[in-house]
1. Among the candidates 483, 479, single out the residue that is modelled with pLDDT of 80 or more, polar (S, T, N, Q) and not in a loop (DSSP other than H, G, I, E, B).
2. Please specify each residue of region 412-433 satisfying the condition of being open to solvent by 10 Å² or more (accessible area, probe 1.4 Å) and more than 29 Å from residue 496 (Cβ to Cβ).
3. Exactly one of these conditions fails for residue 180: (1) open to solvent by 40 Å² or more (accessible area, probe 1.4 Å); (2) not in a helix (DSSP H, G or I). Give me its number.
4. When only residues in region 147-167 that are surrounded by fewer than 24 Cβ atoms within 10 Å (Cβ to Cβ) and more than 20 Å from the chain's Cα centre (by Cα) count, which is nearest to residue 93 (Cα to Cα)?
5. On the given criteria, is residue 472 assigned to a helix (DSSP H, G or I), at pLDDT below 85 and open to solvent by 70 Å² or more (accessible area, probe 1.4 Å)?
6. Which is modelled with pLDDT under 90 and within 25 Å of the chain's Cα centre (by Cα), of 188, 216, 199?
7. Right, residue 341: without any contact (Cβ under 8 Å) to a residue 12 or more places away in the chain and part of a helix (DSSP H, G or I) or not?
8. Of all residues in region 486-530, how many are open to solvent by 70 Å² or more (accessible area, probe 1.4 Å), more than 22 Å from the chain's Cα centre (by Cα) and modelled with pLDDT of 85 or more?
Amino acid sequence: MASASLSRSPADETPEPIIERAALHTSNRPLLTVGVMAATIMQILDSTIANVALPHMRASLGATEDSITWVLTSYIVASAVAIPMTGWLSDRVGSRRLFLTCVVGFVAASMLCGLATTLPEMVAFRVLQGIAAAFMNPLSQTVMLDINPPSKQASAMSIWGMGVMVGPILGPVIGGYLTENYDWRWVFYVNVPIGVACFAVLYALLPSRPVSVRRFDLFGFSMLAVAISALQVMLDRGSNADWFHSTEIWIEAAVVASAAWMFVAHMMTAETPMFARTLFRNRNLVTGIAFMLVVGVLMMATMALLPPMLQSLFGYPVMDTGLLLVPRGVGIVLAMAVAGRLIGRGADPRAMVGVGLATAAATLWIMTGWTLEMGARQFVWVGFVQGLGLGMIFIPLNVMSFATLSPAARTEGASLLNLARNIGGSVGISLVTALLSLGIQVNHEELGARLPDLGVMGNDPLVASITGGSTDALLAVANSIVNQQAAMISYLDDFVMMMVLTLAALPLVFVLKRPKGLAPAKADPDAMGH
């Protein structure tokens, strides 16, 4: 039965009539869901959990401040390069075997990362970890769709989405706690018991899709891998290399453009390209990919901006910063749970995406008015509402993207959506970081030129009490104030840019097509026990 349901064209816009039957059968769906979500959250956490431990790693591994960032970059690059292979590997070796192998590989690589004694060792083990993690995300999404009947797939996507969206928020909190109370190596060791339990559940309950042999598009994969790798390295190195004032960045940009052009040309002309060309004729999938780029920017760029802003400008310690970001995660979880239920009851997911984007844009507009005199309450409620907006975007997008795909195309569709979200996150982080750095320089010059005469400032009783009448102290105080204000203005400028990007994505809502199969389906009497 599973084989028959998975044998259709990869990008069929009009799936077979909706039957209330899961594509794959498992004896214990709730327990398998727990196992799949454990794998998802485990690998998502590792994209951010190591961030706060970098200073401790640098001292232990004898690395420089610039080179230690390869601990993060190697994981991101390896994961992004490997994701496009998911569909082919799943067909070739079987989805069950591939998933189990990834869990074992991820746990083993995590243990090796914890045991690493030099930076080259750490980078090599992080590459292995990133490759294993790359396949787990699309596979987990596909499994959640395959083991649930159509009427429950929206709820399944809300559960899956909670792990994907909340993981990056919880990562720094958990990483900070483990680093401060134990050792940075526990950032990686914590994956071992979770991974072992996850493997046991998946081994016992995970079904497999039918295996089918198809030729691997080596040239297409190579060009895509080169383009993604060069893009990720360019984005990571851009700030340190002064972007396009550097020959290195120009070379990397040229490699990205050349490899991407050859990949697109190959996709259009090859007999058996890496991705079925019919996938890109699916309106909802292509629009979903565009939206995922925006979601990646909103999610990861905001997470890159808020922690340093809260710590450097508002003086919050690491753990308090993490706690201030938790309401954002609570909002995401709540919105996803509600979105899944609303779609299951026949609500139009396009309206939900529009409301989510408008909510996210509104909160970003509020953030453009933040000041240095604010209290914690503003961060809490704005973060919570922004989380609601992101949650309302993510689940309807995934549901609409997959509802117009046949089951056979789900793994490839999932890999494209996850790749788009990863690239959007990388581009977003680099973009806001670059604009922040440039803005601080420009704003510092402009504000410095507007300072009143230092002699007049020195006569102010408050300033005099702080500086003790010292000119050097007066200069230091003035420079500190200018730096603080210049940084705050730069953060606000980044929020403006993100708000404009969010509003620019709103018209894409009208491109989406509401699939006919989203209304609650009638149960098949013969499949109630399936």
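The values are calculated or read from the model by the stated rules, or taken from the named source; none is laboratory data. In this text the structure is predicted, and so the values were computed from the model without any measurement. With ideal geometry, Cβ positions are generated from the backbone for all residues, glycine too; neighbour counts draw on all protein chains shown. To get the accessible areas, we keep the full protein, side chains included, count just its heavy atoms, and leave off ligands, DNA and RNA. Shrake-Rupley method; radii C 1.70, N 1.55, O 1.52, S 1.80 Å.
1. Numbers: 479 fails: modelled with pLDDT of 80 or more.
After ruling out the rest, the residue left standing is 483.
2. Taking region 412-433 first, the residues open to solvent by 10 Å² or more (accessible area, probe 1.4 Å) are 412, 416, 419, 421-423, 426-427, 429-431, 433.
Answer for region 412-433, where residues must be open to solvent by 10 Å² or more (accessible area, probe 1.4 Å) and more than 29 Å from residue 496 (Cβ to Cβ): 412, 416.
3. So residue 180 meets the others, but not (2).
4. 147
5. Working: assigned to a helix (DSSP H, G or I): yes; at pLDDT below 85: yes; open to solvent by 70 Å² or more (accessible area, probe 1.4 Å): yes.
Answer is yes for this residue.
6. Values: 216 fails: within 25 Å of the chain's Cα centre (by Cα); 199 fails: modelled with pLDDT under 90.
Of the residues listed, the single one that is modelled with pLDDT under 90 and within 25 Å of the chain's Cα centre (by Cα) is 188.
7. no
8. Of the residues in region 486-530, 3 are open to solvent by 70 Å² or more (accessible area, probe 1.4 Å), more than 22 Å from the chain's Cα centre (by Cα) and modelled with pLDDT of 85 or more.
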